[in-house]
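All of the numbers you see were taken from the coordinates with simple rules; none came from a lab. From a predicted model like this one, the values you see are computed outputs, not experimental measurements. Methodologically, a virtual Cβ is constructed for each residue, glycine included, from the backbone with ideal geometry; neighbour enumeration extends over all protein chains shown.
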Amino acid sequence: MSTNEGSVVMNDSPGAGQTAMRRVILCAGTGCMANGAMKVFERFRKEMDQAGLNVVLELRPEAGDRDVRLSKSGCQGFCQMGPLVSIVPDGILYTKVRAEDVPEIVERTLVSGEAVERLLYKDPATRRICRGLEDNPFYARQDRRVLRECGFLDPEDIREFMLHGGYSAAKKAFLEMSPENICKQISESGLRGRGGGGFPTGRKWEAARIQKAAKKYVICNGDEGDPGAFMNRSVMEGNPHSVIEGLMIAARAIGADQTFVYVRAEYPLAVERMNRAVADAEREGILGKNVFGTGLTLKCNVLEGAGAFVCGEETAMIASIEGRRGMPTPKPPFPAQSGLWGKPTIINNVETLAHVPRIINEGAAAFRSIGTPESPGTKTFALTGHVANTGLVEVPFGTKLRELVLEISGGITDDNGKPMKNGFKAVQIGGPSGGCLTEEHLDLPLAYDSLRKVGAMVGSGGLVVLNQRTCMVSMARFFMEFTQRESCGKCVLCREGTKQLLALLDDVIEGRADAGTLDLLEKLGRAVQVGSLCGLGKTAPNPVLSTLRYFRKEYEEHIFEKRCRTGRCKALLKPEINAERCKGCGLCIKSCPTGAISGEKKKPHHIDPELCIKCGACATACKLQAVEGV
């Protein structure tokens, strides 16, 4: 087996035509890695070598008939179906690949040129077998730009990134463009921050550029603390050099000579690959002294955050980097005026920076041609919840919610992952800072302004799809518990208000609420929105207020009827024994710790609700599943 080194001249990027060298690309994102992707990778090395194929692990200038490149990629997006293996240029995508499947893939595909049909994706809606990306509805309906190279390029090989145009935009920015022109082009593109607020990126850069200061900073926000969100993590894992290139262009635009990548410590693979990318860029002379021969110096540091959700807020992140407790500070002054160590600083999230090189290379008009006038470009979403295909999705702004959560997702599922007809109930968008959308919003175009009008927000891009078996009160409580736990405690309204909102939701779920609870929830939620200092506090009540707006009937059922229509709220269940199923065996009586069950042998038993503590021991003991409501 050889591991030849060198460089290639052919273009083997997705959609770029045939390649001179056959390639096996294994998804090595966090999800696939957790499912055994590296065992699959090592098995490929062994089986390909035994089959007489020349295994090439590095780029090389020429390819022979028996040469096959074996490489890893970042997340390919189709997380539900991992581990994933792509065969290029055959156009084959294998799903749920195990190490024991590799010999058959090598023999039938790499040697004989046939597809292994059982490993191809089968569309649950049409039952059609999909050979590759083009006929796969999950991919075919997307417009993957930020994510395109994440599932193709080797994230640990800087030469491959450069051979596909990497760092050409940074070189152009340093050698051919002035800081003013860079800011102008970003402004004309309409690029808005992908981290949640949607602030115009060009305007932020220009505000920092005009500051008269000898020292300026650029920070990449890779903190990403929303439950169910993993877009930024996947970009850092799959295409870390695109983030560095975006940082370099931002630094050139404002006149900074030092940048930071702030990554939460729970992302060890992202931290590892970002550190390696920085080291490789320094080795190649891209970062460091005399960038592109301009005499300018640019340094990049990768920092690990402790995982505080509030540190995703600009001023709290700055405090964390400075070694202080991560707590927000009032604005103005804005970070572009006085940020890190009192110097002008801009902060952009991972996805925002990953868009920048394409804008510099292709122009503002090309970027504006996608999406909507107010929200140009594409947006990545982490699609999770009750859907057939969870994973990473990238679509143009303006795409309707229906296409995303009902079509690309493969449809709604029950709690066991089985298809559920007419099962859609709601989608929580934007994580704990976002809001809840219902069936009436399925034809709503996904864009900053349209979502804001219905009380939701794009946020960082988390999408949690909920089926009809979801209790919306419990869902609101889940997000409220998260934001209450993550509050830094600086503001009284955020610190105490979120605690009281959580207590009120507990009252609703546990049957203690009364007619005044709903009014108090709304008033307190509005107060927390208005009185909190930072974005965490101002958006913390959103899940509660949006579910009250669209699912008020469920709240009223909990409060006035002491009933949860989904049966999820245990305190509201009425324990009983199904007389038709019960055979009077007595197992439930023996298991009950409070003596709440009575009945004659071989006759249906009964539960005294006053004595029942709903421990579930009777339900566990019953072999006929006759016990209900515990």
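The label point for Lys39 and the one for Glu407, both projected 7 Å from the Cα toward the Cβ, are 3.8 nm apart. Ranking of Glu224, Glu522, Glu394 by neighbouring Cβ atoms within 10 Å, starting from the fewest: Glu522, Glu394, Glu224.
Here the simple spin-label model places points 7 Å from the Cα toward Cβ, and for Arg203 and Lys574 these points are separated by 5.6 nm. Charge dipole of the chain (Cα centre as origin; +1 on each Lys and Arg Cβ, -1 on each Asp and Glu Cβ, all else neutral): 1220 debye, rounded to the nearest 20.
With only Lys, Arg, Asp and Glu charged, each at its Cβ (+1 for the first two, -1 for the last two), find how big the charge dipole of region 158-368 is about the Cα centre; round to the nearest 20 debye.
Working: 26 positive and 22 negative charges, 128 e Å.
The dipole magnitude comes to about 620 debye.
Could you tell me the center-to-center distance, by alpha carbons, between region 276-353 and region 381-404 in angstrom? Their Cα centres are 30 Å away from one another. Under Stokes-Einstein, with the Kirkwood radius over Cα pairs as Rh, the value for region 163-251 at 4 °C and 1.567 mPa s is 89 µm²/s. Based on every Cα atom in region 378-470, Rg and the maximum pairwise Cα distance Dmax equal 11.9, 36 Å.
Once each part is reduced to its C-alpha centroid, what is the distance from region 580-625 to region 468-485 in angstrom? Region 580-625 and region 468-485 have Cα centres spaced 32 Å from each other. Charged neighbours of Ala626, selected by a Cβ distance under 11 Å, balance to 0 (K, R count +1; D, E count -1).
Under 1.5 on a/c is rounded, so check that first for region 265-317, then, if it is not, pick prolate when a/b is larger than b/c and oblate when it is not; a ≥ b ≥ c are the square roots of the alpha carbon gyration tensor eigenvalues. Mind showing how you got there, number by number?
Working: a/c = 5.14, a/b = 1.83, b/c = 2.81.
It is oblate, given that a/c is not under 1.5 and a/b is not larger than b/c.
Taking the Cα atoms of region 22-136, the ratio Rg/Rh between the radius of gyration and the Kirkwood radius comes to 0.95. Only one residue of Leu110, Ser168, Ala503 has its Cα farthest out toward the positive end of the dipole of the chain, where Lys and Arg carry +1 and Asp and Glu -1 on Cβ, and that residue is Ala503. A simple charge model with +1 on the Cβ of Lys and Arg, -1 on the Cβ of Asp and Glu and nothing else charged puts the dipole of region 360-445 at about 60 debye relative to its Cα centre.
Report the percentage of all Cα-Cα pairs in region 473-560 whose separation exceeds 23 Å, rounded to a whole percent. Write out the running numbers ahead of the final one.
Details: 569 of 3828 pairs.
For region 473-560, the fraction of Cα-Cα distances above 23 Å is 15 percent.
Given their separation in residues at 0.36 nm each and the Cα-Cα distance between them, Glu114 and Lys523 gain 140.8 nm when the chain is fully extended.
Sorted from greatest to least, the principal axis extents spanned by the alpha carbons of the chain come out as 89, 65, 41 Å. Built from the Cα atoms of region 579-630, the convex hull projects on average onto 3.0 nm², one quarter of its surface area.
For His441, His605, what's the fewest-to-most ordering of other Cβ within 10 Å of each Cβ? Display every interim value, and only then the final one.
On the way: His441 21, His605 24.
Final ranking by Cβ density, sparse to dense: His441, His605.
Please order Ser234, Ser433 by the number of other Cβ within 10 Å, starting at the fewest. Each step should come with its number before you reach the end.
Numbers: Ser234 31, Ser433 26.
Lowest to highest Cβ neighbour count: Ser433, Ser234.
Annotation: amide H of Gly371 within the under-5 Å range of Gly377, Phe397, sequence separation 5 or more or interchain, hydrogens built in the peptide plane. Across the options Phe138, Asn181, Pro155, the greatest Cα extent toward the positive end of the charge dipole of region 106-227 (unit charges at beta carbon of Lys, Arg, Asp, Glu) belongs to Asn181.
With a Förster radius of 45 Å applied to the beta-carbon distance between Glu510 and Glu104, the computed FRET efficiency rounds to 0.25. The alpha carbons of region 528-607 stretch over 64, 25, 17 Å along the principal axes, in descending order. Estimated from helices alone, the mean residue ellipticity of the chain at 222 nm is -10000 deg cm²/dmol (sum of -39500 (n - 2.57) over DSSP H runs with n ≥ 4, per residue).
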